[in-house]
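The values are calculated or read from the model by the stated rules, or taken from the named source; none is laboratory data. Not measured: the values here are computed from a predicted model. With ideal geometry, Cβ positions are generated from the backbone for all residues, glycine too; neighbour counts draw on all protein chains shown.
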Amino acid sequence: MNILIIDDEPLVLQNVSEKIRDMGFGLKRVDCAGSTAAADALLEERRYDIFLCDIVMPGEDGISFAKRRLEQDRDCKFIFLTAHADYQYMKEAITLQSFDYVLQPVTQEELRSVLENAILQLTIERKNRKLMQVGELFENEQEEILDGNAMRYLLGLTDNSMFLRHLVETRTQAGVDEHIYLPVLASVVRSHKEWDEGERYLLRCIYSNVVDELTADLSTENIVILRSDRQGSFILLLCFSGSPASPDRVTDTLETIRVIFQKSLRIGIAIYYGGMCRFEELREFFSGIVQEQSSNVTRGSGLYQVGKFSRQNIDEYSLESQKRVWQSLLKNDETVGFRDSVLRFVRRRTEAGDLNREVLTRLHQVVSELILGYMVSNSINSMDVFDEELSYTDFMYCWDSSEAFESALSQVVEKIYRRGRGGDVILEITTYIADNLDREIYVSEIADQIGMNPEYLTRVFKKEKGVSLKRYIDNERIEHAIRLLETTDLTVKEISDRSGYASYTNFTRAFKQHTGKSPSDYRKGE
C-alpha cells in the first residue's frame, strides 16, 4: 500500500513522513511532494492508495487536486492535513466525501488512528471488489435453505433446530455445544440500494468479509444469516470457542462494525444485541432482541442493548404536567408553541433513552385528544386539516415510530396554523425575502420567522407559487441585481454584495445562468 504526502512546507513533509514510517504499518512506499504538480509527476510513475494532502498551497489547492484525482481513481482515500480550521474548507472536504480532516499539528496518536481506519477501509473494499468479480450474482441454494430455516427457528416459527444446528456446525467446523454465543440483529435503516434475490450470496459474502475482518481480535467464528427483506438486514451469531471477550470489547467491536457499514458500504444499520448464551438458549435470547427492536420507536442507526427501551415506563405525573401546559398553550391559540413543546418532550425522552412504544402510544393519545378538542372548539373542519398528504387514519396510527409521530404532528399543527392566517403566509414569506435581498437568506430562518416547519413550508410555497422556495429566492436576488444594474452606477462587485452573494464568482455564474449574459455585458446592453 502506497501513501503520498503533499504539502508546500518541507518541515511538515519531513515530520509527517517520519511519523508514518515509525508506525510499522508494512507500507510499500511513503513518498512526499511539495506541490500538486510534483504529485502529478509521481502519479505518472505509480499509483497511491492514501493521500495526506494540505489544502492551502501555492498554485492548485488540495481540494481541487483531490476532486481531479478522485475522478480518475474513486478508490483512493484523501486525508486533509492542514493548519487552517476554516468551516468552508471542512464543508468542501465533507462534500468531496474525503476520508478525514485533521488539523495540524497532528499528534502521533491522531495520525495513527486515522491511518489505521483508512487502511482498514481500503482492505475491506478490496476484498469486497474481489468477491464481486469472482462471485457476482452467484446463488447458493443450500445457503438459502439453511438461512431461511435457521431464521424460522430463531423467530419461533418452528421448534426444529436442525437447520441452525447444521449451519453452526458447517460454518464453525465444531459441535454446537463447544461455543458460547452472542446473538446480534442488524436492521438496515438506510441503504443506497435494494438487493435482488440473485445477489443474496454476494451480499452474505460481503457481510461475512466485513465482520470477519473487524472481529479478528475477538477470536470468534461468525455466522451471518440474511433476513428476507430486500434492504439487507441480517442476524449475526458471534461464536466463542474459548473464554468470551469482555462486554466492553464486544460493544466496541459492534460499534466499529456499525461505523464501517456506514462509511464503507454506505449502509446505515441499527445493531441490537443482548448477552452471551448457550445454543439451547439462543431462541429465547433472540426473542428478547426482537422485542428490543420493536420497542425502539426512534428507528435510527445506532447500538442498542436489550433492556435499553423495554424496561422503561412512562412517568404519568410528568406527562399529566405537560398536558396541562399544552392545554394552556392551545387555549391561548399558541399552536406553534404547542407543537414545539411536544417535540421538545419527545426529543428529551429520546435523549434520555426512555422513549419506547408504550410511552409514544400514551403521548399520541394525549396529543390527539388535545388537537381534536381544539379543532372542535374552533370549528375547524377536518377536511381542512386531513387530506391525501396526511389522512385522518394516518394521523391516528402514527404511534409506531417517533419520526412518523413528529412528522404528522408538524403537518397537522401547521395546517391549523395556516388556516387561521388565511393566505397571509405566502405574503409573509415573499415580503421577508424582499426585505432581506441584500444578504444570504436561508429557508430555515424563514421557517423560524414564519413559525413553520422548513419541509412543510417549502411544500406549501411550491404548491402556491409553482416554484421551489430556493429557486424563488435565487430569482429574486438576480432580479434585484438587474434593477441595480439598470438604475445605479454601483460597481458589479457592489451589486453582488447588495444582492446577498458572499462570493463574486457565484454571483456572476448565477447571473449568466439566469440571463445568458455576464453582469458587465448586461449593463452594456451587449
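Things to note:
- The residues listed here are Asp448, Asp438; of these, the one that is in a helix (DSSP H, G or I) and either assigned by TED's automatic domain parsing to the domain that holds Gly337 or modelled with pLDDT under 85 (or both) is Asp448.
- Index of the failed condition, Val259 passing every other in (1) in contact with a helix residue (DSSP H, G or I) (Cβ under 8 Å, 6 or more places away or on another chain); (2) modelled with pLDDT of 85 or more; (3) within 28 Å of Ile180 (Cβ to Cβ): (1)
- Residue check for Glu464: out of contact with any strand residue (DSSP E or B) (no Cβ under 7 Å at 6 or more places or on another chain), of a type outside the set (Val, Ile, Thr) and under 26 Å from Val385 (Cβ atoms): yes
- Pick from region 163-179, criterion in a helix (DSSP H, G or I) and out of contact with any helix residue (DSSP H, G or I) (no Cβ under 6 Å at 6 or more places or on another chain), ranking: nearest to Ile145 (Cα to Cα): His166
- Failed item in (1) surrounded by 17 or more Cβ atoms within 10 Å (Cβ to Cβ); (2) touching a Phe, Trp or Tyr at 6+ places or on another chain (Cβ under 9 Å), with Gly198 passing the rest: (1)
- Residue among Gly156, Gly242 that alone is touching a Lys or Arg at 6+ places or on another chain (Cβ under 9 Å), loosely packed, with under 15 Cβ neighbours inside 10 Å, part of a loop (DSSP other than H, G, I, E, B) and at pLDDT below 90: Gly156
- Checking each residue in region 364-381 for being among the β-branched types (Val, Ile, Thr) and in contact (Cβ under 8 Å) with a residue 12 or more places away in the chain picks out Val366, Val367, Ile371, Ile380.
- Considering residues of region 1-34 that are over 34 Å from the mean Cα position of the chain (by Cα) and of a type in the set (S, T, N, Q) only, the residue surrounded by the most Cβ atoms within 10 Å (Cβ to Cβ): Asn15
- Selection within region 460-484 - surrounded by 17 or more Cβ atoms within 10 Å (Cβ to Cβ) and at pLDDT below 85: Val460, Phe461
- With respect to the conditions (1) over 26 Å from the mean Cα position of the chain (by Cα); (2) part of a helix (DSSP H, G or I); (3) not β-branched (Val, Ile, Thr), Asp252 lacks only one, and its number is (1).
A quick yes/no check of all residues on (1) touching a Ser or Thr at 6+ places or on another chain (Cβ under 8 Å); (2) at pLDDT below 85:
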site	(1), (2)
Asp54	yes, no
Gly59	yes, no
Cys76	no, no
Gln88	no, yes
Lys91	no, yes
Leu122	no, no
Leu131	no, yes
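- Search result, residues across region 16-37 that are in a helix (DSSP H, G or I) and without any contact (Cβ under 8 Å) to a residue 12 or more places away in the chain: Glu18, Arg21
- Gly307 vs. criteria modelled with pLDDT under 85, surrounded by fewer than 18 Cβ atoms within 10 Å (Cβ to Cβ) and within 24 Å of Pro454 (Cα to Cα): no
- Listed by first and then second residue, the pairs with beta-carbon distance under 6 Å, at least 6 apart or on different chains, first residue in region 160-172 and assigned by TED's automatic domain parsing to the domain that holds Arg283, second buried (at least 18 other Cβ atoms within 10 Å of the Cβ) and among the basic types (Lys, Arg), form an empty list.
- Test: residue in region 488-502 that is within 31 Å of the chain's Cα centre (by Cα) and free of Cβ contacts under 8 Å to residues at least 60 places away in the same chain: no
- In region 262-282, residue nearest to the chain's Cα centre (by Cα) [restricted to those that are surrounded by 16 or more Cβ atoms within 10 Å (Cβ to Cβ), part of a helix (DSSP H, G or I) and modelled with pLDDT of 90 or more]: Leu282
- Just one of the listed residues (Ile260, Ile180) is under 19 Å from Phe286 (Cα atoms) and in the same structural domain as Glu280 (by TED's automatic domain parsing), and it is Ile180.
- For the residues Asp177, Asp248, Asp217, the requirement of being within 22 Å of Gly302 (Cβ to Cβ) and of a type in the set (D, E, K, R) singles out Asp248.
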